[in-house]
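The values are calculated or read from the model by the stated rules, or taken from the named source; none is laboratory data. None of these values were measured; they are calculated from a predicted model. Here Cβ is always computed from backbone atoms with ideal geometry, including for glycine, and neighbour counts include all displayed protein chains. Quick note on the areas: whole protein, heavy atoms, side chains included, nothing else; ligands and nucleic acids left out. Shrake-Rupley method; radii C 1.70, N 1.55, O 1.52, S 1.80 Å.
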Amino acid sequence: MRSATADDDPDLTARARIRDAAIRRFAIDGFGASVRAVAADAGVSAGLVMHHFGSKDGLRAACDEHLLATIRRLKRENVATVAAGESFFHRFAAAEENAPVVGYVLRSVQDGGELAREFVDHLVDDAVVYSREGVAVGVIVPSRDEAARARYLVLSSLGALLLETALNPPADPADLAGIVRHYLVSSYLPMLEVLTEGYLATRQVLDEYLAHQSTPRTTDPGASRA
């Protein structure tokens, strides 16, 4: 994740340092982690955290905003890498570097409630945008319903991550890079096969479904037996 640099305003740098510490702490311990724990991780006082964010809810909102922007940037970089014909392999290392992003997203979903729903909705909305950008540059196949496909892919990815961590919990929850590494090793080959080569040998099932969808419906349940 990009943090503020030494050339940035010192006050903004402190704010970014607190935000990044909060993202990692929430990713490890969940949103029950205290402001004091975040402050200790960032090397500042709890009062300074309140000065910058006003409340713990304000801190989480800032983390959400930064995470969504980070995910959006990373996905667009992925599309640009493929569009330019460059090797995608170096992106795997970046995935581990951004492990707090994955941990935070999982905690957001696990936390449930309206905030989780809004967070996932933002992920889906962003996925629609960068999917369309991928279609425009010829690296993603067009969809009959871009929004529906984006939602399915986001929910599928999140579901796979949730199940993987639930069924095979990490020995050290703080090893976020290790969690991501395990997921990459166990999931990326089948995922990439499905995304690039497909799964079914023919499109018969899709054609039948599309034909069914286009068939006029009758309101008389006995009409088909007449």
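How many angstrom lie between the C-alpha centres of the stretch 17-73 and the stretch 169-199? Measuring centre to centre over Cα atoms gives 26 Å. Note on residue 181 and residue 36: with the Förster distance fixed at 35 Å, the Cβ-Cβ geometry gives a FRET efficiency of about 0.70. At the listed q of 0.22 Å⁻¹, the Debye profile of the stretch 93-224, built from one uniform point per Cα, gives log10 I(q)/I(0) equal to -1.42.
Here the chain has 57 percent of its accessible surface on carbon and sulfur atoms, given a 1.4 Å probe and all protein chains in place. Ranked by the mean number of other Cβ atoms within 10 Å of their residues, highest first, the peptides 60-66, 163-169, 28-34 come out as 60-66, 28-34, 163-169. Taken along its principal axes, the alpha carbon cloud of the chain reaches lengths of 77, 45, 36 Å, longest axis first.
With contributions of -39500 (n - 2.57) from each DSSP H run of at least four residues, the per-residue ellipticity at 222 nm computed over the chain stands at -24000 deg cm²/dmol.
Between residue 208 and residue 74, full extension at 0.36 nm per residue minus the direct alpha carbon distance yields a gain of 44.6 nm.
Accessible surface computed residue by residue for the chain, with neighbouring protein chains in place and a 1.4 Å probe, gives 61 Å² per residue.
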